[in-house]
1. Can you give me the long-range amide H partners of Ile28? Hydrogens built in the peptide plane at 1.01 Å from N, cutoff under 5 Å, separation of 5 or more residues or another chain.
2. Can you tell which of Thr58, Thr102, Thr68 shows the greatest fluctuation in a Gaussian network model of the chain with Cα springs below 10 Å?
3. Need the full-extension length gain, Gln44 to Lys86, defined as separation in residues times 0.36 nm minus the C-alpha distance. One decimal, nm.
4. Over the chain, calculate the relative contact order: mean separation of alpha carbon pairs under 8 Å at least 6 apart, over the residue count, as a percent.
5. For the chain, which whole-number percentage of the solvent-accessible area (1.4 Å probe, protein heavy atoms only) is attributable to carbon and sulfur atoms?
6. Just the number please: accessible area per residue for the chain, 1.4 Å probe, all protein chains included, in Å².
7. Using the crude model of +1 on Lys and Arg Cβ and -1 on Asp and Glu Cβ, and no other charge, please compute the dipole size for the chain relative to its Cα centre, in debye to 20.
8. Karplus couplings for segment 105-115 from phi (6.51 cos²θ - 1.76 cosθ + 1.60, θ = phi - 60°), rounded to Hz, Gly and Pro as x?
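The values are calculated or read from the model by the stated rules, or taken from the named source; none is laboratory data. Given the structure is predicted, the values throughout are model-derived calculations rather than measurements. Cβ placement follows ideal geometry from the backbone for every residue including glycine, while neighbour counts extend to all protein chains displayed. Note: areas computed on protein heavy atoms with side chains; ligands, DNA, RNA excluded. Shrake-Rupley method; radii C 1.70, N 1.55, O 1.52, S 1.80 Å.
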Amino acid sequence: QVQVVESGGGLVQPGGSLRLSCAASGSIFSISTMGWYRQAPGKQRELLATITSNGDTTYADSVKGRFTISRDNAKNAMYLQMISLKPEDTAVYYCNVQVRPTYQRYESTYWGQGTQVTVSS
């Protein structure tokens, strides 16, 4: 089995910063692309950023310049540094991981349970 857990969410004032973490554990052979998504109430889940095992990154226009994605391959971990937060960044943030488990010859997609980020004064 593979488990994915996010942490680091919370309440922050507009203009503030937060750092989210995502950790994958269990029967992992390899991890390729990792990504962060978010879903606000009444809205579709939105892709924010991705990072490959080589460190190549992509960002949604809505967060480019404010959010930074990174990963630690040795720890099977990923991070999202968020600065200049806005009320419209309020959402549940999800970690998405493309994992090849030790018991499979192909990758599967795993999601974390989500962590709430609330930007409000």
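1. Hits under the 5 Å cutoff: Thr102.
2. Thr102
3. Stretched fully, the Gln44-Lys86 segment lengthens by 13.3 nm.
4. Reported relative contact order: 37 percent.
5. 47 percent
6. Ligands and nucleic acids excluded, the result is 53 Å² per residue.
7. Dipole size: approximately 60 debye.
8. 9, 9, 7, 10, 9, 10, 10, x, 7, x, 9
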